[in-house]
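Peer 1: Could you have a look at this structure, given as structure tokens, before my questions?
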Amino acid sequence: MEKTLDSVRGNFNTVRTGRASPALLDRIEVEYYGANVILKSIAQIAAPDASMLLVTPFDKSSIPSIEKAIMKSDVGLTPSSDGNVIRLSIPQLTAERRKELLKTVSKLSEDGKVALRNVRRDSLKAYEKLQKDKKISEDALKDLSNDIQKMTDDYVKQIETAFKQKEKDLLTV
């Protein structure tokens, strides 16, 4: 369940708010010498101010392929290069784009909750199998299932808290 929560938070970080964050480019894959690699493994990503990202490739010959990968991605940014670094200017979000991003974050939140429920279901099945094999008693099964339900509820609340925080970030102009 902790991995699911971490995954949801990581997904939230890749959704763009009004300010620059190197996490925006975490999922971008670049074709580098015939293999797809993650951008941050072939370049340094920095945010010198709130509206700019600087991508400094370790190998200057990879700049065209990095620009191409950023253009293909869904981050909605246009790269500009001076031969040494790639600059990504982060424009202010329009109200329409904010609503779109809010829907995306809401879907990511719901996907996280579904994943938590799947973990709960799998755990309950495992405990029921143990009970059928007479390895735990019925009372122990009920106690364990109550504990799992409480744990699931706690993690769902944590996801909702993270969602509300991201929603607040998105709606702040």
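Peer 1: Using a 1.4 angstrom probe on the protein heavy atoms only, line up LEU88, LEU171 by accessible area, largest first. Intermediate values should be presented prior to the final figure.
Peer 2: Details: LEU88 0, LEU171 95 Å².
Result, largest first: LEU171, LEU88.
Peer 1: On a 1.4 Å probe surface of the protein chains, which of ASP26, ASP74 comes out largest in accessible area, and what is the full order?
Peer 2: Listed by decreasing accessible area, they come as ASP74, ASP26.
Peer 1: Which whole-Hz couplings ³J(HN,Hα) result when phi for each residue of the range 30-37 is put into the Karplus expression 6.51 cos²θ - 1.76 cosθ + 1.60, θ = phi - 60°, listed in order with x for Gly and Pro?
Peer 2: My calculation for the range 30-37 gives 10, 7, 10, 6, x, 10, 7, 10 Hz in order.
Peer 1: Express the carbon and sulfur contribution to the solvent-accessible surface of the range 28-173 as a percent, rounded to the nearest whole number, probe 1.4 angstrom.
Peer 2: So the carbon and sulfur contribution to the accessible surface is 52 percent.
Peer 1: Compute, for the chain, the length of the dipole vector about the Cα centre, with Cβ point charges of +1 (Lys, Arg) and -1 (Asp, Glu) only. Units Debye, rounded to 20.
Peer 2: Values: 30 positive and 26 negative charges, 64 e Å.
Dipole about the Cα centre, nearest 20: 300 debye.
Peer 1: Next question. Determine the sum of side-chain charges near LEU108: Lys and Arg each +1, Asp and Glu each -1, restricted to other residues whose C-beta is under 12 angstrom from that of LEU108. Show your work: numbers first, answer last.
Peer 2: On the way: positive: ARG9, LYS103, LYS107, LYS113, LYS166; negative: GLU110, ASP111, GLU167.
Combined, the nearby Lys, Arg, Asp and Glu give +2.
Peer 1: Moving on. Could you calculate the contour length gain from ASN146 to GLU100, that is, 0.36 nm times the residue separation minus the distance between their Cα atoms, to one decimal place in nm? Intermediate results must be reported in sequence, preceding the final value.
Peer 2: Numbers: separation 46, 0.36 × 46 = 16.56 nm, distance 3.75 nm.
Full-extension gain reported as 12.8 nm.
Peer 1: Now for a separate question. Taking every pair of distinct Cα atoms and averaging 1/r, then inverting, what Kirkwood hydrodynamic radius in Å comes out for the range 61-173?
Peer 2: So the Kirkwood estimate lands at 18.2 Å.
Peer 1: For the range 36-112: lysine pairs with Cα atoms under 23 Å, gap of 8 or more or different chains, count?
Peer 2: Lysine pairs satisfying the spacing and distance rule in the range 36-112 number 9.
Peer 1: Taking all protein chains together and a probe of 1.4 Å, list ILE63, ILE45 from the most accessible to the least accessible. Could the numbers behind the result be given before it?
Peer 2: Working: ILE63 10, ILE45 30 Å².
Heavy-atom accessible area, descending, gives ILE45, ILE63.
Peer 1: Given the whole protein assembly as supplied and a 1.4 Å probe, what does the accessible area of VAL37 come to in Å², nearest 10?
Peer 2: 40 Å²
Peer 1: Please compute the per residue accessible area over the range 3-83 with all protein chains in place, 1.4 Å probe, rounded to a whole number of Å².
Peer 2: On the way: 4410 Å² over 81 residues.
So the range 3-83 comes to 54 Å² accessible per residue, rounded to a whole number.
Peer 1: Hull surface divided by four, with the convex hull built on the Cα atoms of the range 1-149: how many nm²? Please list the in-between numbers first.
Peer 2: Details: hull surface 49.1 nm².
Reported value for the Cα convex hull: 12.3 nm².
Peer 1: When the chain is fully extended, how far beyond the present Cα-Cα distance does ALA126 get from THR78, taking 0.36 nm per residue of separation?
Peer 2: Details: separation 48, 0.36 × 48 = 17.28 nm, distance 4.94 nm.
Taking 0.36 nm per residue and subtracting the Cα distance, the gain is 12.3 nm.
The values are calculated or read from the model by the stated rules, or taken from the named source; none is laboratory data. Because the structure is predicted, anything quoted here is derived from the model rather than measured. Here Cβ is always computed from backbone atoms with ideal geometry, including for glycine, and neighbour counts include all displayed protein chains. Protein only, heavy atoms only, side chains kept; ligands, DNA and RNA dropped before computing areas. Shrake-Rupley method; radii C 1.70, N 1.55, O 1.52, S 1.80 Å.
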